Each structure stands twice: as structure tokens, then as C-alpha cells.
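*Asks:* Got a structure for you, questions after.
The values are calculated or read from the model by the stated rules, or taken from the named source; none is laboratory data. Here the structure is a predicted model, which means the values were calculated and not measured. Neighbour counts are summed over all protein chains in view; Cβ atoms, including those assigned to glycine, are modelled from backbone coordinates with ideal geometry. Heads up: the accessible areas ignore ligands, DNA and RNA and are worked out on the full protein's heavy atoms, side chains in. Shrake-Rupley method; radii C 1.70, N 1.55, O 1.52, S 1.80 Å.
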Amino acid sequence: MSEKEIKNLEEIFEAKIARDEKIEPKDWMPEKYRKTHIRQMSQHAHSEIVGMLPEGNWITRAPSLRRKVALLAKVQDEAGHGLYLYSATETLGISRDELYDQLHSGKAKYSSIFNYPTITWADIGAIGWLVDGAAIINQVPLCSTSFGPYARAMVRVCKEESFHQRQGYEIMLTLCKGTPEQKEMAQDALNRWWWPSLMMFGPTDDESTHTEQSMKWKLKRKTNDELRQQFIDQTVPQADILGIKVPDEDLKWNEETGHYDFGKINWDEFWQVVKGHGPCNKERLQTRVDAWEGGEWVRDAAMAYAEKQADKKVKRAG
Ligand SMILES: [Fe+2]
Ligand SMILES: [Fe+2]
């Protein structure tokens, strides 16, 4: 293709995005757009399935049948989110096997929040309330992102996330209305999950490398700092209703800005976990690898069966 032709295609592509039209898998797209989307969407897919692990830890120990049913449904939803997102990523010309391989070899990242342990039942409440709550804020803008398969997957994902957020908050509410020990469990979970939840929005705007280009492609509509502020403004009043305290001495309503001021985030901790040194990085990855290897015979059997059926069909036709 000549330079002029490429330029022409680029212009058509940019104009489409500017008009809020979707880019579909068979449309021409710049290589950088394809690569960025493979990276972000697969990272998102990996986060969904690794995110099942800390909560799966509590399915057998949920305190009642009702809680068990809700938690099972939520963890299954996350598997579903992973599947839509892997499928959507595959439309960009990368195979599922390659994507899994990137995850299992440690080459691909997933959200660092899932490298923290779930040590009490209150953590399941805090995760739904804070982690799924932060995920919604991150994901709602993606419903109108430029890449069609991603945008469409996000519509359903976001609906399910809001159920997750509510079931988590309801667990917190029940604990906070319970015995002093239960309320203390809720407070302890908030203490441990608050700061990592704020880190889910990524580095501050001046440190973030992808923001400008991603804004142009509508992969991002608000900056990390704006989204983080939105999360804080929305979540602090919810903690007040629960009657527990956000673990930040500098947290204060600012009449002038109409937002909460908040304390310093420990970015050292953030980078440590991103680089693989969080409390559960090794354990999470190992669990995924074991699941993949342990399931190999099922995949092999399914493939062998499919081949047999295809053979039969050919023979019948012949
Ligand atoms: Fe999800
Ligand atoms: Fe969720």
C-alpha cells in the first residue's frame, strides 16, 4: 500500500472515531490501535479470571446457603466476563492459546488488586463493595469505547458488576449491624482494601504513559485521577452509612472544590505488587497454571471427540 493510501485509511479511521462510530474487527485499523487493544483487553480478561481466585477461596466457607449462592453466582459471572473479553480480543487476530500463554508465563499483567489475600469473610463484602465498585467506575466509560466488540461486552459486564457491588455492600451492612466483633471485621477489611482499591485506577496522571492516546481512541474518557476522585467521593458517604472509618487521616470534605481531599497513596507498594512482589502474586499465577495443566486431558478429550465426529461425517458423506 502506498503512503497516500495508508494516510487515506487513517483519515477514514480517525473520522469514524470522531463521529462515535464503532471500529469493527474487519475494518482497517492502525497497528498501534490493534496492539493497544490486545494489551488492554487481554489484561482485562486476565483480571476477570484471576479475580475469581481470592473469592473462590470463600465459596466453601460462606456463612449461609444464601451467601454461598450469591457468591457462586458472582464468581461465575467473572468467568463469563473473562470469556466475553477473551473472545472479543481474539477478533483482533490473536489466539486464546497465545493469550493464556502470556498470562501463565508472567508476560501479561492483570489487576494487582487480586494479589491481596482474603483472610476473613468481611473481605468478600469489602471486595464487592470496593473492588467491584472501582471496576464499575473504570468500566462504565468503556461501554462507549471505539472498538465495537469491547464496547458491547462492557454493557453486560457493567450490569453484572453493579449486582456484585450491591451484594458486597449488603454483606458489609449486615456485619456492621451485627455484633461488635462483626463490625470490627468489617472495619479491618476496609482498612486493608481501601488503599489497594484506590490504586486500581492506576498511577497518577503525570506518571501514566498511556492516557493521551487512549483518550483519543475513547479507550479512556476520564483520567486516572478523575476516576479515583469520583470513586472516593462516591464511597466515603457509603462508609459513613456503615459507621466505619476510612483509614485515611487526611481525608476531608473540601467545600471549595466539592470533593474529598485525601492522603498520599503508597506508590512504592503499588509498583512492588505490579512487579510481582505482592502478597499472593506467586500463588495466583501457580493456581492458574495448575488449572490449565490439570484441565489438559479434558481439552484433549474434547478435541479427540470432535475429530471423531468430523471423521464420521466425512465417511457418511463419502
Ligand atoms: Fe467482572
Ligand atoms: Fe465483578
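*Asks:* For segment 109-129, which positions are hydroxyl-bearing (Ser, Thr, Tyr) and under 11 Å from the mean Cα position of the chain (by Cα)?
*Replies:* Result: Tyr110, Ser111, Ser112.
*Asks:* Exactly one of these conditions fails for Leu53: (1) under 25 Å from Leu173 (Cα atoms); (2) within 16 Å of ligand 2 (Cβ to nearest atom); (3) open to solvent by less than 30 Å² (accessible area, probe 1.4 Å). Give me its number.
*Replies:* (3)
*Asks:* Looking only at segment 10-29, count how many residues are open to solvent by 20 Å² or more (accessible area, probe 1.4 Å) and either closer than 14 Å to Gly93 by Cβ or assigned to a loop (DSSP other than H, G, I, E, B) (or both).
*Replies:* Matching residues across segment 10-29 total 9.
*Asks:* Residue by residue through segment 272-291, note down the ones that are within 14 Å of Leu53 (Cα to Cα) and not in a loop (DSSP other than H, G, I, E, B).
*Replies:* Within segment 272-291, Asn281, Lys282, Glu283, Arg284, Leu285, Gln286, Thr287, Arg288, Val289, Asp290, Ala291 meet the criteria.
*Asks:* Please pick out the residue among Arg192, Arg166 that is touching a helix residue (DSSP H, G or I) at 6+ places or on another chain (Cβ under 9 Å), within 13 Å of ligand 2 (Cβ to nearest atom), over 17 Å from Leu85 (Cβ atoms) and basic (Lys, Arg).
*Replies:* Being touching a helix residue (DSSP H, G or I) at 6+ places or on another chain (Cβ under 9 Å), within 13 Å of ligand 2 (Cβ to nearest atom), over 17 Å from Leu85 (Cβ atoms) and basic (Lys, Arg) holds for just one of Arg192, Arg166, which is Arg166.
Residue-wise test of (1) of a type in the set (Asp, Glu); (2) over 20 Å from the mean Cα position of the chain (by Cα); (3) away from ligand 1 (no atom under 16 Å from the Cβ); (4) on the phi > 0 side of the Ramachandran plot.
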{"residue": "Ala15", "(1), (2), (3), (4)": "no, yes, yes, no"}
{"residue": "Lys35", "(1), (2), (3), (4)": "no, no, yes, no"}
{"residue": "Glu55", "(1), (2), (3), (4)": "yes, no, no, no"}
{"residue": "Lys68", "(1), (2), (3), (4)": "no, yes, yes, no"}
{"residue": "Leu83", "(1), (2), (3), (4)": "no, no, no, no"}
{"residue": "His104", "(1), (2), (3), (4)": "no, no, yes, no"}
{"residue": "Lys107", "(1), (2), (3), (4)": "no, no, yes, no"}
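*Asks:* Another question about this same structure. Taking segment 174-225 only, how many residues are modelled with pLDDT under 95 and open to solvent by 70 Å² or more (accessible area, probe 1.4 Å)?
*Replies:* Number of matching residues: 8.
*Asks:* Conditions first: (1) assigned to a helix (DSSP H, G or I); (2) within 26 Å of Thr209 (Cβ to Cβ); (3) at pLDDT 95 or above. Arg67 passes all but one, so which condition is the exception?
*Replies:* The one condition Arg67 does not meet is (2).
*Asks:* Determine if segment 122-130 includes at least one residue that is touching a strand residue (DSSP E or B) at 6+ places or on another chain (Cβ under 6 Å), of a type in the set (Gly, Ala, Ser) and open to solvent by less than 10 Å² (accessible area, probe 1.4 Å).
*Replies:* no
*Asks:* Still on this structure, I have one more. Hey, any hits in segment 130-140 for a residue that's of a type in the set (D, E, K, R), at pLDDT 95 or above and either closer than 18 Å to Arg221 by Cβ or within 17 Å of the chain's Cα centre (by Cα) (or both)?
*Replies:* So far as segment 130-140 goes, yes, one or more of its residues are of a type in the set (D, E, K, R), at pLDDT 95 or above and either closer than 18 Å to Arg221 by Cβ or within 17 Å of the chain's Cα centre (by Cα) (or both).
*Asks:* Among residues belonging to segment 133-163 that are within 11 Å of ligand 2 (Cβ to nearest atom), open to solvent by less than 10 Å² (accessible area, probe 1.4 Å) and not aliphatic (A, V, I, L, M), point out the one that is farthest from Lys74 (Cα to Cα).
*Replies:* Gly133
*Asks:* So Ala73 ticks every box in (1) within 16 Å of ligand 1 (Cβ to nearest atom); (2) surrounded by 18 or more Cβ atoms within 10 Å (Cβ to Cβ); (3) more than 16 Å from Met154 (Cα to Cα) but one. Which box is left unticked?
*Replies:* That leaves (2) as the condition not met.
*Asks:* I'd like to check something: does segment 189-198 contain any residue that is touching a Phe, Trp or Tyr at 6+ places or on another chain (Cβ under 9 Å), under 24 Å from Asp77 (Cβ atoms) and either outside any helix (DSSP H, G or I) or within 16 Å of ligand 1 (Cβ to nearest atom) (or both)?
*Replies:* Yes, the conditions are met somewhere in segment 189-198.
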